Amino acid sequence: MDTVSRPDAPQGDRQIRRVRWGDTVRIGFMTWLEDGTLVDSSIYSEPLIFTTGSQSIMEGIEMLVIGMSVGESKTEKITPDSAFGPYCPELSCEMSLSWLRAQGLCRWSG
């Protein structure tokens, strides 16, 4: 991680580490649809751990954490192109909630 001098910080805490490419990070997150529907959250699961630049997570999330420091929070809109990609009807299907629960793929009971 890079360090940045922060003169307003208390003595001894003036060097702040910033995330850069190749760093392994652990983040808490919440994901909403544009209508405000909560889609996913680390409140209901474990924090997300990944190495920036490893392409193991959405590009949009990687780009958000670059330059952040420990304890910092951000709220940003991620476009489809830097998330899962634009809507593709050929890749869409309907599944019942009961089937998802039976497969252990549904975290919520509501």
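Since every read-out is calculated from the coordinates, none of them should be taken as a lab result. A quick note: this is a predicted structure, and the numbers were derived from the prediction, not measured. All Cβ positions, even for glycine, are placed from backbone atoms using ideal geometry, and neighbour counts span all protein chains on display.
Observations on the model:
- Overall dimensions of segment 49-110 by Cα: Rg and Dmax, Å: 15.9, 42
- Net charge of Cβ neighbours under 10 Å - reference Gly60; Lys, Arg +1; Asp, Glu -1: -3
- Residues whose placed amide H lies under 5 Å from that of Arg20, excluding near-sequence neighbours: Asp2, Gly67
- Segment 55-106 and segment 32-51 have Cα centres lying 8 Å from one another.
- Compactness of segment 2-102 - radius of gyration and Dmax, Cα, Å: 17.5, 58
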